[in-house]
Amino acid sequence: MQGFPQVCFIKNTISNPHRIIGDYTYYEEPEDSENFELKVLYHFPFISHRLIIGKFCAISRGVKFLMNGANHKMSGFSTYPFEYFDKSWERVTPQSNEYPFKGDTVIDNDVWIGYEAVIMPGVKVGDGAIIAAKSVVTKDVSPYTFVGGNPTTLIRQRFTDEVIQMLLKVSWWD
């Protein structure tokens, strides 16, 4: 990006077809901003899920997206994923379809994700939301709200309900 060498429009750098990024969404990192995909963790090809990020989002440095591959089955005697490392364990260990699955991770349009925030698997962040720095997003975030903390809690709505409904209807990013 001209004048801001630490900023990169993500859509121009994505190679994984299960990562869908909208126009003008950027990632800011002083070194290596074009390697946003390294911030998407545990996004294994044998698990059918996507990271979808809308248009005009601002993603600060150090943000990480944890995907469904980070989940471990908790109902057994061990949480260790034996079957990933040694095929001889397959008959007595959970199969990949038995692991917790939270679905796609979706970040709608015009979202600002603050410094070193962590987005957990299957979370949906609504249009116009703001995620505070160093927050851990463990559940869905409503449109045009400001959340923060670990786990995130509502700090405040950005606008009145009426203004939020109008902004959602206008969908200026389209």
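Numbers for the structure displayed
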| quantity | calculated |
| --- | --- |
| Of the criteria (1) at pLDDT 95 or above; (2) in contact with a helix residue (DSSP H, G or I) (Cβ under 8 Å, 6 or more places away or on another chain); (3) polar (S, T, N, Q), which one Thr160 fails | (2) |
| Condition check for Pro121: assigned to a loop (DSSP other than H, G, I, E, B) and buried (at least 19 other Cβ atoms within 10 Å of the Cβ) | yes |
| In the range 151-174, the residues that are outside any loop (DSSP other than H, G, I, E, B), hydroxyl-bearing (Ser, Thr, Tyr) and surrounded by fewer than 13 Cβ atoms within 10 Å (Cβ to Cβ) | Thr153 |
| Which numbered condition Gly148 fails, given (1) modelled with pLDDT of 95 or more; (2) small (Gly, Ala, Ser); (3) part of a loop (DSSP other than H, G, I, E, B) | (3) |
| Selection count where residues are touching a helix residue (DSSP H, G or I) at 6+ places or on another chain (Cβ under 9 Å) and either crowded, with 21+ Cβ neighbours inside 10 Å or assigned to a strand (DSSP E or B) (or both), scope the range 128-142 | 1 |
| Whichever residue in the range 10-64 is small (Gly, Ala, Ser) and touching a residue at least 40 places away in the same chain (Cβ under 8 Å) and, among such residues, is farthest from Ile130 (Cα to Cα) | Gly22 |
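The values are calculated or read from the model by the stated rules, or taken from the named source; none is laboratory data. Bear in mind the structure is a predicted one, so any value in this text is a computation, not a measurement. No Cβ is skipped: glycine too gets one built from the backbone with ideal geometry, and neighbour counts run over all protein chains shown.
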